[in-house]
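Visitor: Following this message is one structure expressed as structure tokens.
The values are calculated or read from the model by the stated rules, or taken from the named source; none is laboratory data. Remember, predicted model here, so these are calculated numbers, not experimental data. Methodologically, a virtual Cβ is constructed for each residue, glycine included, from the backbone with ideal geometry; neighbour enumeration extends over all protein chains shown. Only protein heavy atoms, including side chains, enter the accessible area calculation; ligands, DNA and RNA are left aside. Shrake-Rupley method; radii C 1.70, N 1.55, O 1.52, S 1.80 Å.
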Amino acid sequence: MERGANTSTSARYVLEELKFIRSLRDVRIFAAKVAYKLPTLGGGMPAGGAAPVPPSVQIEPTNRCNLRCVTCPGDRTSCPKGFMDMALFERIVSEAADVGVQRIHLYLRGEPMLHPRIFDMVAFIKSKGLPVHLTTNGTLLTPERSAALLASGVTSADQLTISFLGHSKQSHEATMVGVDHDAVIANILELVRLRRQMRVNGPVIETILNAPPQTQGEGGDFLKFWRGKVDHARLGDYSIEFQEYGRDAVSAIRRTHPCNAIYERLLVFWNGVVPQCNGDFDGECPLGDLNVDSIEDIWNGERLRAVRKFHEEGRIDELPMCLHCDL
């Protein structure tokens with residue numbers, strides 16, 4: 001059943017991406033996206049082990065947020081709040097481009113659109129020839145900001161994901177406290193309209209429902225509503241660890257399968273610290289610091305190689321950070 005679901009997901013993804021092919025350049029973009037995306041759909045470890053450089057780097061513009069989501073541990077983390085310095089950001093992205101990183105993700109623990117220079121960040125990534133994936137809660141995606149995003153150099157190589165925890169107005173506003181459901185819907189539809197009006201072939205616009213238990217029955221309605229309105233609509237994964245971080249409930253989680261994230265991307269907090277993974281909310285297991293270390297040194301360093309070795313040998317129970325993880 002899982003294999004069939006993955007096959008169906010992959011087929012739909014490919015078909016929905018085909019509409020962006022309008023030139024030879026778009027064919028090359030499509031081929032690169034499929035080559036990057038498909039290995040991540042099935043999960044697990046890559047057959048050839050870790051690549052010499054991370055396929056992607058995930059940068060946190062800020063860990064501040066304008067909402068209080070029921071699944072977010074933001075109020076229970078001890079890390080200081082802040083915004084990434086633009087000079088540090090440019091240095092990281094430039095190095096990523098130089099060493100052969102394939103993609104930059106702009107999100108992690110906060111709402112990236114709160115960063116005052118978020119569209120400068122996108123434009124800089126594009127100036128280095130790299131695709132960018134930006135994830136947002138959609139509250140700040142006003143028509144003016146949508147126009148700025150569309151004018152930043154984005155193409156069909158890039159992706160914008162808008163995250164939901166509930167589909168109906170009632171559940172959306174109850175699970176993402178502070179959100180205006182109607183405004184977010186209007187923002188997304190206006191972005192689609194502006195993209196068409198401005199004749200920009202991108203970014204790919206995706207909506208995702210990461211439903212906690214109280215909204216998991218809304219998946220079908222979510223897909224029915226958004227398919228045809230945006231480029232991709234899909235159902236994500238609900239994480240108990242993410243919601244219960246810092247609470248006793250997390251200790252009940254027992255991971256038994258290897259993780260693909262430690263082969264797929266390197267994460268960077270707003271201050272340059274590189275955590276072990278996206279479950280390391282407080283940076284308890286830092287791998288390095290990109291203020292002083294290089295991407296390649298951290299990616300191929302002893303700490304991360306040791307983590308991969310434990311996964312490859314089926315010794316996940318010896319890694320507390322990994323054992324109690326369902327991400």
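Visitor: Select from the stretch 278-299 the residues that are crowded, with 19+ Cβ neighbours inside 10 Å and either aliphatic (A, V, I, L, M) or over 13 Å from residue 60 (Cβ atoms) (or both) and list them in ascending order.
Guide: Within the stretch 278-299, 279, 287, 288, 290, 295, 298, 299 meet the criteria.
Visitor: Being modelled with pLDDT under 95, crowded, with 18+ Cβ neighbours inside 10 Å, farther than 25 Å from residue 82 by Cα and among the basic types (Lys, Arg) is the requirement here; does residue 303 meet it? Walk me through how you get there before you give the answer.
Guide: Working: modelled with pLDDT under 95: yes; crowded, with 18+ Cβ neighbours inside 10 Å: no; farther than 25 Å from residue 82 by Cα: yes; among the basic types (Lys, Arg): yes.
No, not satisfied.
Visitor: Give me the residue from the stretch 147-189 that is of a type in the set (A, V, I, L, M) and in a loop (DSSP other than H, G, I, E, B) and, out of that set, surrounded by the fewest Cβ atoms within 10 Å (Cβ to Cβ).
Guide: First, the residues of the stretch 147-189 that are of a type in the set (A, V, I, L, M): 147-151, 154, 157, 160, 162, 165, 174, 176-177, 179, 183-186, 188-189.
Those left that are additionally in a loop (DSSP other than H, G, I, E, B): 151, 154, 157, 165, 179.
Working: 151: 13, 154: 25, 157: 25, 165: 26, 179: 23.
Result: 151.
Visitor: Moving on to the next point. Before we move on, is residue 327 at negative phi, within 19 Å of the chain's Cα centre (by Cα) and in a strand (DSSP E or B)?
Guide: Values: at negative phi: yes; within 19 Å of the chain's Cα centre (by Cα): yes; in a strand (DSSP E or B): no.
Against the criterion (at negative phi, within 19 Å of the chain's Cα centre (by Cα) and in a strand (DSSP E or B)), residue 327 does not qualify.
Visitor: Taking only the stretch 306-324 into account, find how many residues are part of a loop (DSSP other than H, G, I, E, B) and either open to solvent by 70 Å² or more (accessible area, probe 1.4 Å) or in contact with a strand residue (DSSP E or B) (Cβ under 9 Å, 6 or more places away or on another chain) (or both). Please lay out each step first, then the result.
Guide: Within the stretch 306-324, the first condition is being part of a loop (DSSP other than H, G, I, E, B), and the residues that meet it are 313-315, 319, 324.
This time we only want the ones that are either open to solvent by 70 Å² or more (accessible area, probe 1.4 Å) or in contact with a strand residue (DSSP E or B) (Cβ under 9 Å, 6 or more places away or on another chain) (or both), so: 313, 315.
Number satisfying all stated conditions: 2.
Visitor: Hey, another quick one. Please tell me if residue 246 is over 18 Å from the mean Cα position of the chain (by Cα), modelled with pLDDT under 80 and on the phi > 0 side of the Ramachandran plot. Steps first, please.
Guide: Numbers: over 18 Å from the mean Cα position of the chain (by Cα): yes; modelled with pLDDT under 80: yes; on the phi > 0 side of the Ramachandran plot: yes.
Taking the combined requirement at face value, the residue satisfies it.
Visitor: Sticking with this structure for a sec: Contact list please: Cβ distance under 8 Å, first residue in the stretch 20-33 and closer than 21 Å to residue 206 by Cβ, second residue open to solvent by less than 60 Å² (accessible area, probe 1.4 Å) and in a helix (DSSP H, G or I), pairs at least six apart or on different chains.
Guide: 20/26; 20/29; 20/30; 21/30; 30/17; 33/17
Visitor: Shifting gears a bit: For the stretch 48-55, indicate whether the set of residues that are modelled with pLDDT of 90 or more and in contact with a Leu (Cβ under 7 Å, 6 or more places away or on another chain) is non-empty.
Guide: yes
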